[in-house]
Structures are given as C-alpha cells and as structure tokens.
1. Does residue C:84 count as touching a residue at least 60 places away in the same chain (Cβ under 8 Å) and surrounded by 24 or more Cβ atoms within 10 Å (Cβ to Cβ)?
2. Which residues, counting only those in the stretch E:39-77, are within 18 Å of residue B:189 (Cβ to Cβ) and of a type in the set (A, V, I, L, M, F, W, C)?
3. Within the stretch E:136-164, count every residue that is within 15 Å of ligand 4 (Cβ to nearest atom) and facing chain D (nearest Cβ under 7 Å).
4. Would you kindly identify the strands (runs of 3 or more DSSP E) lying entirely within the stretch E:1-105 that contain at least 2 residues that are within 16 Å of ligand 5 (Cβ to nearest atom), surrounded by fewer than 24 Cβ atoms within 10 Å (Cβ to Cβ) and modelled with pLDDT of 90 or more?
5. Residues of the stretch D:109-122 being crowded, with 18+ Cβ neighbours inside 10 Å and either more than 7 Å from chain A (Cβ to nearest Cβ) or aliphatic (A, V, I, L, M) (or both), which ones?
6. For the stretch B:161-173, does any single residue satisfy the condition of being more than 14 Å from chain C (Cβ to nearest Cβ) and part of a loop (DSSP other than H, G, I, E, B)?
7. Within the stretch C:164-203, track down each residue that is more than 26 Å from residue C:252 (Cβ to Cβ) and surrounded by fewer than 18 Cβ atoms within 10 Å (Cβ to Cβ).
8. Within the stretch A:302-311, track down each residue that is without any contact (Cβ under 8 Å) to a residue 60 or more places away in the chain and surrounded by fewer than 18 Cβ atoms within 10 Å (Cβ to Cβ).
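The values are calculated or read from the model by the stated rules, or taken from the named source; none is laboratory data. The model shown is predicted, which means the values in this text are computed figures rather than measured ones. Please note: Cβ atoms are built from the backbone with ideal geometry, for glycine as well, and neighbour counts cover all protein chains shown. Keep in mind that these areas ignore ligands, DNA and RNA; they rest on the heavy atoms of the full protein, side chains included. Shrake-Rupley method; radii C 1.70, N 1.55, O 1.52, S 1.80 Å.
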Amino acid sequence: MALFGRRNVLVAMLLFAAVAPTFLNAYYLFVANTILIYVLLAIGLNILVGYAGQLAFANAAMFGIGAYGTGLLQVHFGWPFWLAFPLGALIATMVGLAISLPALRLSGLYLALSTLAFAQFTQWVFLNWEPVTFGAGGFKTPPISFAPLPISKTLGLYYLSLILVMVLFALAQNLVRSRIGRAFVAVRDGEIAAESLGVDLLRYKALAFGISGFYAGIAGGLYSAMLNFVSPEGFDLFQMVIHKAMIIVGGLGSIVGSVLGAGTLVFVLEALRKVKGVQEIAFGAILVGFILFMPGGIIGYLKEKVRGWEEPLHRARASRRPPVAATSESSEVRP
Amino acid sequence: MELLVYLLLSGLTTGSLYALIALGIVVVNKATAVINFAHGELFMFSGFVAWMLHVQMGVPYLPSLLAAVAFGFLLGAATDLIAFRPLKNANIISLVLATIGIAFMLRGTARVIWGGKGDYLPFPPITSPEPIMIGGIMVIPQQLAVLAGSIVIMVAFAAFFRLTRAGKMMQATADNAKAATLAGIRIDRIYMLSFGTGAAIAGAAAALMAPLTLLYPDMGFSFFIKGFAAAVLGGLTSLPGAVLGGISIGIIESLAGGYLHSSFIEVSAFIVIMFVLVVRPTGLLGSTRFRRV
Amino acid sequence: QVPGVTADTIKIGSFGALTGPGYLYGKLPMNGIEVVFDQVNAAGGINGRKLELVREDDRCDPAAAIGAVKKLIHEDKVFAIIGGGCSNATVAARETLAEARIPVIIMASVHDGITTPVAPTIFSTALTSSLESAAMLQFALDQGAKRIAVISMRDAWGRSRYTPLIEAFQKKGIKPVLDEEMAPDANDATAQVLRLKGANADAVLVVLYPKPAAIFMRDAQKLGFKPLAVGQSGIADPAAFEDQVGSPGATASFRTISMVRYTPEDPAVDKWRKAIEAKFPGDRLSVFNLFGIGSAQVMVEGLKRAGPDLTREKLVAALNGLKDFETDVYPGGITCVETDHRCNKNPAWIAKEPGKPVRVLGVTKVE
Amino acid sequence: MNEALLSVRGVSVSFGGVKVLDGIDLDVKPGEIRGLIGPNGAGKTTMLNVICGIHPPHQGDVLLDGVSIVGRKPSAIARLGLGRTFQTSQLFRGMTVLENLMTGLHHRTTAGFVAASLNLRRYREEEEAAEEAARQALEFIGMSAFADRPASALSFGQQRVIEIARTLISDPKVVLLDEPAVGLSLNRLAEFDTLLRRIRDEKGVTLILIEHVIRLVMDVCDQVTVLSSGRRIAEGTPDAVRNDPGVIEAYLGKELRARHSAS
Amino acid sequence: MLAIQHLKVSYGITQVLRDVTFEVPAGKIVALLGGNGSGKTTMLNTLSGVVRCSGGSILFEGKECAGLSADNMVRRGIVQVPQGREVWPSMSVQDNLELGAATRRDWGAMRADLDEVYAMFPKLAAVRKRRAGSLSGGEQQMVAIGRALMARPRCLLMDEPSAGLAPTIVGDMVDTILALNRRGLTILLVEQNIGVAAAVAESAHILQGGEITFSGPAAGLVDNDEVLRSYLGR
Ligand SMILES: Nc1ncnc2c1ncn2[C@@H]1O[C@H](COP(=O)(O)OP(=O)(O)OP(=O)(O)O)[C@@H](O)[C@H]1O
Ligand SMILES: Nc1ncnc2c1ncn2[C@@H]1O[C@H](COP(=O)(O)OP(=O)(O)OP(=O)(O)O)[C@@H](O)[C@H]1O
Ligand SMILES: CC(C)C[C@H](N)C(=O)O
Ligand SMILES: [Mg+2]
Ligand SMILES: [Mg+2]
C-alpha cells in the first residue's frame, strides 16, 4: 500500500490525536474535543443520509436529545454520568427509531420537511417543558469525574471521546462494508429493486435512523459533559447546517469522509475567527466553494488523486484485479 | 364570534405572506426539484433594496417595488449561476447546502451593509396607517393592500403558467432533465428563469410586506421555514397548493394562538404538517413523481 | 510576566455575537468599546499603554462562547475581557472565565446566573434581569395598575427576565392576569391582543425585543387595546420604537426601562455619535453601542486605578473599589463591592409621547 | 394442477376504474419455463407486480408452494425464493457491479447488525463466500472484467445482463423475467435460450418469461400464456399459441419482411 | 446529410469511440449495429450534443456541429429517440407529446402532427390524459417515439425503437418509418432487432472496438455469414 494509503493516514491521525494533549493549550484541546464529538455525529448522519439516502433533518434534534437526556438524568435523578450517558444515547436511538416510521411513507423533500418539523417540535419541547428541561435558559450539568483515575476532567473527556471515536468508527466502517451497508445503499438507489431482492425497507430504514440516533446521542452526551451546560441554542438549525455540511464536505457515503468532513468544518469555523465581521460571508463562500470544486467531497477528491482510497461496500480482497481501462472488448464476451 | 373573525382575518393576512413565499419556493422547485434555502435571504435582501430606494433615496413606492422585483430576479439568477447550474447533477443535499451557503453570504452582506443602522428598520406604510372599520371589524389598510397584492401576484403567475409553455417546460426539466435536453428545451434557461422568477416573487413579497413588519438581516429564515412548510403542505409543485398551504398555516397558527395559547403558535403548524404528511405523503395537492418498474 | 500586557500595550478581549441575530448585543457594543479605546489611545493610553481590543464571535451559542473565551485566554492571551452579549452563551462561558481568574466586565448579558453567586473576577455593568424585572413590576404598580399581564418571549433572554419577573409577582403576592407569549420573528399579535383584551388587563409588561414588541403595539392599537405598556432595556430607544411600530399614537402609553440614561438622539451623547459614525461609516449610534461605551469606560477607569504595575489582581481590586463612578452613559454611578458585582443598579425610565421628544422620567435606584 | 409451484387464482387489478387484470388464473409447475406474452398494456408487468407483492390484487389469490403470499411484503416474498427482474434497469447505481451482485445474495446471508459491525469470523466467511459467488456469476456471464466498475458506467445492455445475474445469484425457486432480452445484442441473444435452459436445468429454477422477442419465447417455453386487455386469451404449447388466430390478430401480426423484398 | 469523421469520444479515461467515420446520406435510412457496450448510444448522444466528443468532426448538411448544445441540434433538425424510454413520468401523455415540439412555433401544424401520432399509436389516444409514468413499458416507448416525431426532425436518431414493442406494433412502426422516410426523413437507426434493421435500412455499419468494422448494404446483412460470425459470435 502506498505511503499515503488510507490505513497509514488514519494511523497517523490517530497517533497525532493520542499525543495531542501534551502540546495543545486549553483552547486547542477544546477544539480537538469538539472535532471528536462532531466526528461521531457526522458518521451517524452519513450512514443515514449518505448510505441509506434518507434526506432527514432531525439530526440536530437527536444530538440535543442525547445532550438533554444525559444532562437531565444527572440533574433530576442525581445519576452519575456513567449511567446517564448511555441512557441518554439510548433515548436518542429510540427517538431515531420512532421517526423512521413516517420515513417509510415519505421520501425526498417531504421527508426533509417532516423531519425538520420534528426538529422544530423538539426545540419547542426544550423551550416549553420548563419543569423538566428548564426551558430556554438551559441548565448546568454536574462536572464529570474520572476518579479513581488520576486524570483531569478535560483530559479524561478528551480520551473518552477519542476511544469512543475509535470504536464507533471501526464499527461503522465494518457495518457499511457488510451486507447491511449494501442494503442501505440499495434502499437509497432503488427501493423497489431492494425490496425485490429481499431487503426489508422498514427494517433498514429504521436501522439507519436508529444508528444515526445512537451516534448523535453519544455525541450529545459527550457534548453536554464538555460544556457542562445544555441549552436549546446548541441544537438549532445552524447546527443542522453544520452537520449536513460536514458530510457533504467530507463526502457522502464514506465513513472516512465523515471524519475528514467533521475535522475540516470545525477547523474552518475556528479559523474563521480570523475574519471578524464577515465570518458569515466567508463561511457561505467556503461552503459553496467546497461543493463547487469538490463535488464528491474531500473523499471524492482523494479517491481520484490517491490510489487505494476507494471505499468499497465490501471488504476488498488482496487479489483485486485492476479496474479495466478499455471497454469495447465487451462485444466479444458472451452471456 | 368577533374573536373568530379577527383570528381568521389575521390568519389570512399572515397566511397570504406565507403563500407568497411558498409560491416562490414552488416555482423554483417545479423546474429543479430542489428547494432554494436562500429564498428567505433573497426576500430579505430585496426588501432592504426597496427600503434603501424608498426610505433613504425617496423613490416612490411603486418604482421601489418594481426595483425590488427586478433585483430579486437578478439575485435569483445569480444563485442559479453560482450554486445550481454547475452542480445540477449533484446530490440534492449538496444542492441544498450550496443554497444555504448563498444564504449565509447574503445574510452576512446585509449585516455588513445595513446591520449598523439600528436594530430593526421600519418601512413606512403605503396606505394610511389609521385602522379602518369594515362591518364592525377593524382592519389596517396595509393588511388589505398585502392581501390584494398577493392575490394579484398569484393570479398573474397562474396566468403566466397557464398561457405559456414555461410551466410545462419547467416541470419537464425537473421530471427528466435528459429528456428535456433531447427535446430541445434549453434547460439552463429554464433553471435561470425559475430561480429568477422565484426570487422575483420573493422581491415583490418583500416590498409588499415590509410596511407590515420590520426589516432586519435575519428576517429571511423564519419566513423561509414557514414558506417551505406551506409549499410542502400544498404539495411542492402546485401553485394553488402553495397558496392553500400558506393560508392554512396562517390560519392554524392564528387559531392555535387564540384558542389554545400563544405558546402554541410557532409549533402548531409543524405539528399539523407532521400529521398531514403521514396521511398524505405528498401534501394536499401534490402528486408523486413516480415511475413504474 | 502578566498576560496581555507589554510595556506599551494592554490586550483586552471581547466575546459576543458578531454574526447571527444576536449581533446587536455583541458586535454593536464592541463597536462602542472600540471608540472608547480609540479615544483613550489618542490621549496617550493608560499609563503609557495603548489598549487593543480582540473580538471573538460566539454566535450566541454556548459552545462557541466557551471556545471564544478559551481562545481569548489561552491563545490570544488577553489581560482582561469586556464581553457577553447573549445570556446563555455568557452563562455557559462563566465557569471557564471564573476558573481562569481573568477580570471580566459583562457588557450586555443580563442573566442573573452570571453575577449570582458572585465570581470573584466577573463584574457586570449590564442591568441584571432580576433588578430590572422587579423595577418593571414596581413601576406598573406605582402607576396604579391593578390587572397586570405579561407578554414574553421564550428565548434565553426572555426567560432570564421572565423567571425573576414571576418571582417578583410572587413576592408581592399577586399573579399576572394573563401570561402570553410571542415569538421573536412573529408578524402578527392578534391572538395575544385579543386574549389580553378579553382578560381586561390594564398594564402589560412587555418582555419582548423591539420587533415583536412593535408588532404587538401595532396590533393592540388596531384592536383598540390601550393598556399601560412597560418595556425593558431591550427596547431602550423609544424614538426608534415609535418608528418601528409605525402606527400613529400606538406608543402613547409606552414606558420603558433603559440601562443607559440617554437615547441615541440625545445631544448629551453627540460626541459618541460622531465617533461611531466616523469609525463605522453608514452606522447610526444605537443604545447597544452605548452599552459598550459604558462598560469600556468602567474598564478604563479600573485599569487607571490599578496603576502602572498592572496585574489582574490589582485590576480586580480596583474594580471592587469603584464607588459611584460616573460614566457618560449609565443613569447612575457604578458601584462594585466584593460581595456584589452587579455594578449597575440604576434603571432609567423613559417615555416618548407622540410628537414630543424623548423624556427621561427618572432614575430609580434598586437594591 | 395441484403440483403447481406458483399459482395465480382469479386475480383482478384495476386502476382508477379501469380493469387492468380481470380474473387471471395461472399455474406454473416446478421446472417449467412459462412464457407470458401479449400486446403492450395487456397487463403482463402488472401481473408480475402482483405476484411479487408490489401491487396488492383487488381480488384473487397468489400461492407459492401452496401458501398464499398475498399481503406479504415484497421483501418477505423474495425471501421465500421468488426473484424478478425489471423492465427497465434497476441496478444500484452507487455500487460496483460486484456489489450489485452481492446484494442479490442479501436474503441468502444472515449476518446481523452485531456480527457485521464487530466483523465476527462467521460473518467474514459468509462475506467471502458471497464475494466468491458474485465473481463466479460474473464469470458465468462473461463480465468478470466489469467487477469493479460502477454500475452507472455501464451501457444499457450491460446493465440488463448484470441485473439478470443479480436475480439469479441467490438461487431462487421461481424467477419472473420482465422482457430480459430487451437491449441484448444479437450475440447475447443468440445464446440466451441456452442460458435460460441451463438456469432451469442446472439450478432447478422455474421461470416465467415476459418477452416480445417471439423467437425466444417459442424456443424455450414449455407453455405460453397470452394476455390481452387484462384477460387470458390463450394458453398452451408454443406451437398451439403461435397458430391461434386470436393471438395472431391481437399480438403477433404479420412477419416483418426485409426491405429489399418489400420494395 | 450527416457526415461523421474520425470521431473520438471518451468517458473520463475510458475511450469509447476511437475513430469513427461514416455517413448518413440525405433521405436514407442507415442502420448502426454493434454489441452491448460498443458505443452506439454514445454515438447518438454525441450527435445529439448530449455527450462531448474529444476529436473528429460532425458535419450536418455540410456545417460543422461538433460541440453544439443539445437544443441547437434539435433546432437544426436532429432529434433522438433515446434508449430506455426517457419520458416525463409525471406529465400527461399529451403534454409529453406537445413538449416534443418545444422548439416549434407553428401551433397549427402541431395539432395536425399530434393527430398523426395518435393515428400511428391508437393506444396513446386512449390514454392521452394519463401520466406517462403510469403507462406500460411499451406504451412509454410509443410516447418516446411520438415525442421525437413531434419535433418535426429532418434527421431522426433512433436508439432501439422496437425495444419492448409488441410484434404488431413493431410492424406498424416499420411501416411508419418507411412512410416518413418516403416523405424525406433521414434516419440513423440503432437496432438489435435484425429483422427491423433489415426491413427498413438501406445500408448498415457495424461498430466494434470503437471503430466501424463493417459497412455495407443492409439487405445482405442477415445472410452475410462473415459479418454474423464476427458480430453475432456464432
Ligand atoms: N398506476 C396506473 N394507473 C393507471 N393505469 C395503469 C397504472 N399502471 C398500469 N396501468 C395500465 O395498465 C395496463 C397494463 O400495464 P402493464 O404494465 O401491466 O402492461 P404490459 O403488459 O406489461 O405492457 P408492455 O408489454 O408494454 O410492458 C396499461 O394499459 C397501463 O397503462
Ligand atoms: N457514463 C459512463 N461512464 C463511463 N463509461 C461509460 C458510461 N456510459 C457508458 N460507458 C461505457 O461506454 C461503452 C459504450 O456505451 P454505450 O452506452 O454507448 O454502448 P451501446 O453500444 O449503446 O450498448 P448497448 O447495446 O448495451 O446499449 C460501454 O462499454 C459502457 O460501459
Ligand atoms: C437586551 C439585551 C442587551 C440582552 C441580551 N441579549 C441578553 O441576552 O442578555
Ligand atoms: Mg410490461
Ligand atoms: Mg445503447
């Protein structure tokens, strides 16, 4: 495999992430942790949108549900983070599964709007169910403790995020290269053909929504712990745009692309601090620029430029035949 | 009874604003099968242009309105050139996101240009500001003007699409662009026409409703989201559907506010839409873009 | 070595929304700070050091605010901060600010949670919401209102005022006759007005931004509902507000609180209007600029008093020692004590009768 | 008639008041190749859609192996061993040719969410077997060189061939082929009847063949059913059907003559 | 009428047409044959201006047309019946047909042409209000053919027009093609139904490996053993 092969690059990124805290200041560590959290979100969203082709806009809501779930379970019931966190993710998963039901009947922009409506509804609940959610003012979450490990909160959270990213990245990568990943793509590319090959639409749509809910929920839980503060603003439509931008910039239908997209987007948002006053304009221009000049996302660009970057939907075997260049010999082959 | 009449009337007025926005969204969708997420910003920007002409430079109202319409058209065509045409074969999410990018640029630009002029810019009413009584019901003349203006625009567009082949060509382009190309339809022109017209409607809407509301750089999105909802409720490609959807949302909101509680206003339409779509997956007047296998 | 201080400069950071709807409470105050700094620098700086402002955007988003202050503290290494535009963002950033023990003056955020309990290094020159809410209710009662209703916005800012307002009601042993809501982007208030009218409210406490408030006042006028309307510092420019409502006479019974004494039209702030308009061509002076000007003047005074051997501790001590310090904009003197960092406790009452100039009805002192 | 593998009993379908299928019966024995022909719009594709569960019939029943399958989801019916191809290409355009074929094995593989995401051994073996099967199928249709090509970069005829292979790869019991020969070039067509017979004989697949290429139908089918306007107008051996005046009138028409002899 | 010289076309790195040269004389019907993937559709799409060529030239009535946009080609009179019946599924049959004449302005003549199409495919007349997407495969193919005729082409490019049509209809179509041809329509026909090709075409070219490997009269094609061996692979 080439030096810039996918595996080598990933390993290098991982090594960098592992030692980063030793030389990053608190600000950069915060940014790095944000990236890790967004990586999780982007992976989940890419499975739903990029692979299963469901044009859903409810991801920010599920992110929020994860954050609120984790936070509120700690605040209202005094549960430790370590219990509230998985449960928060589970709640987000359930919600994801629930919104997959209308998705069975809806497609395209209709699905987009109904999930957007759901997201607006979720915001409304965050804002209005004051006895539980504390309303618009949000609430503080108790600081998480890593005792008995001798590690600070910030550092602990960073490594917790990193480990989760590694594990969930690997799971997702395995998943999309399996029959389940292919079933997702089949649902995306042709529902009727997929069904007639035995792919159960409801099952796989629900699975995709559930998975993205789970990833968003995990990300939400980590987010609430990182900020120690949860409020509705964090999960509004601007967030939605950022999430969508991550998977487009990284590349639809690619797990590695999700990682690159999340990293790029958080980086761009932070870098834009430099152009004060015109961030919005610059952000819009960068977004349009990315889409115009890298229509397949970063991953599409890499696939084109770097050999060995293909992202097959099956496990590539070592003895792969090289792709054919000439084609017209096909008139000689017979059925 | 009086309560109901007032609520219906206010629902109708806000609804017709939503309907105008939805109309523009539908015109774009008809040809491109995409939603222009910058629609609200095109609306906002044209509104500011009208404000600049009318309030700052003292141009009379009607020419300002026409200028807003023309400017809207240009902005829409520019959106097409930058964020749609080079991408027309891309994934729909990329397209949507590109228009979102345009939205950010417009909003940021408006903030730079007009953001320091005060928080919310007022636009003087074109009619007498004194409320008038119609059969015991108090109405602001400006509201009637908006209602009338909306109706004129809707009828004009309905006629345009009935009397020309443009509407059909748009639909054909969205339905199967390759076939449209092969039939000699200049799809690039169709795209520009639809983006331009959609934005021109937004421009007209902005100039019409500016006196009823206030101008500020972030006003676009909330109108857009309601307009999008209205368009979907109506069926996305249907012009009458857009009007029906807009007015329904206006009235739902108003009734929810009057009879339940004002905290339900914002969310009521979305809840209703979620249910409507489950029952009618392509909106009230929409038809599926389907293909047999 | 003190961060952010060199022989001839002092770096001051600021965070708030530069983008997004909240830019009014971020970017505009920062513009105000900037002109104050310019003026100080033109006069030779503070103890020979020029002031330098570093702005960071928080989009009114809690996470972005934390990022912004971390960047100011750890990356830009500013000496002190004047900032805070949106309540939730500032509340979220509070812990990071307090941990870093960096001196902070809050310029616009009003949430009680920012100043209570007291964080040793965080001061606020914004009129804290519980103070203002209590004042609103008291004012309505003073005017003889019997049936007081509330109309509020359900965003972070709205709630940060609404909650203490309801507490203030409880303290007085009364209840609002009706409790209505309006969205920040609403274009119609018919439903709310009809309900309030039906409840026979004689005073309405308006916890809204100018846009919804203008719509509300317009529709109230239309439907013949003329209560005493009590605003707050979010609508602190009654002249502009009258224009925004656009319906003659609709603001006749509108009174509002301001955390600054002057409206932008006031000749007393001519100097600042010129400065703003010169530095930011096309802009008009707004109350939000004044917020920045006031807080910057307090910071400048603190820096002066902290002396030439500047340290953060000295600045904090100097700020804690401020007593009845007069600025160009705040209604009363600024007083900070170690146990209470809500330094601006003097809401001004202003009104503008149709056709007449803005009047400052008076300045109350709340405790 | 009881040993029928697939039987359709009195199926009717109407769209907007128009009867597209009107009380159709059809019994297909195991190992049979059944032709289904008829004019355009006769209802052949609709019939196929009813059988595989896409359209519910308004009346009537469909039995597979004696069990009613009406009302089941298409995916469930597919899992019972009923495969189909489509009149227009329905390849998954975002996949390579190989992956398309592997998707054809979807319901023959079992790895669940957990096994797949944890990359368990059992799943790996299954996956390798699937890939092997897909490669063999490509070999079989002579398109090995196309394994890693994106499906969207195939010509019309190439897509059709791959699609047929995708359906056959899972060894279904019954396969419904909707105009499989459309778009096939002459060389492929020439060997298509052999291919169909081999599929039947070597894999034991029962075939229902909708086709307008009459020569093919007459060559390979054991029985031919003729539909017209939603009714069955004839059924029997190819020879009998070919000479049925009603069928000639409604469907076959006159033979084409080459230009040189015509003019 | 149509002269193709040294045409080269590729998709990315895959070159599909290497060097294609042949002619379609005015008023004639020429068949273009070839195996799956040999580049026939690519050829037609290039002539229609949908696909760009990387070299060579296309002369239509002596004028260079390579690189012109699709609508320009239609306006010049080159119209395609695409493979795989690309109808507008959500529009009515009538709309489909009428829009085939999108480039025309002569409304009166259009009516007459519409009636002619309905006469040619009586099936379509019965379903003129129905959405094209709901039609059967063969019915859609009829719409695709009818739509192309509505543009009043002077040179018609047909990509397997008989695909999916019932034998009776194929017979009718052959008659129509011949009739149109007699009225002066030039046709380039891609067909897999060798019977149809032989029935209508005067000459035929076989495309193989990105080049024309055989040219000759269509009549002898069916009996030409050499050709069939290479082409049919028997
Ligand atoms: N959704 C629908 N609404 C109305 N009519 C329909 C619908 N679907 C199919 N039809 C009609 O039903 C009839 C049967 O269609 P079907 O596709 O089964 O024909 P077919 O026999 O497969 O024809 P072909 O050989 O042309 O493919 C056609 O006339 C078609 O127009
Ligand atoms: N979009 C594309 N990208 C890459 N290669 C393509 C693309 N479209 C077609 N090809 C390849 O180009 C070659 C020619 O394709 P074309 O569609 O012109 O063939 P054809 O002769 O029409 O075949 P058929 O008889 O199957 O319709 C084929 O080998 C095909 O795989
Ligand atoms: C009126 C504004 C200065 C208040 C500010 N937006 C806040 O959230 O605290
Ligand atoms: Mg059919
Ligand atoms: Mg072809």
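1. Details: touching a residue at least 60 places away in the same chain (Cβ under 8 Å): yes; surrounded by 24 or more Cβ atoms within 10 Å (Cβ to Cβ): yes.
Yes.
2. E:50, E:68, E:70, E:73, E:74 - these are the residues of the stretch E:39-77 that are within 18 Å of residue B:189 (Cβ to Cβ) and of a type in the set (A, V, I, L, M, F, W, C).
3. Here the count works out to 6.
4. Numbers: elements: E:2-11, E:14-24, E:29-34, E:55-60, E:78-81.
It comes to E:2-11.
5. D:111, D:115, D:116
6. Yes.
7. C:166, C:167, C:170, C:171, C:172, C:173, C:175
8. Answer for the stretch A:302-311, where residues must be without any contact (Cβ under 8 Å) to a residue 60 or more places away in the chain and surrounded by fewer than 18 Cβ atoms within 10 Å (Cβ to Cβ): A:304, A:305, A:310.
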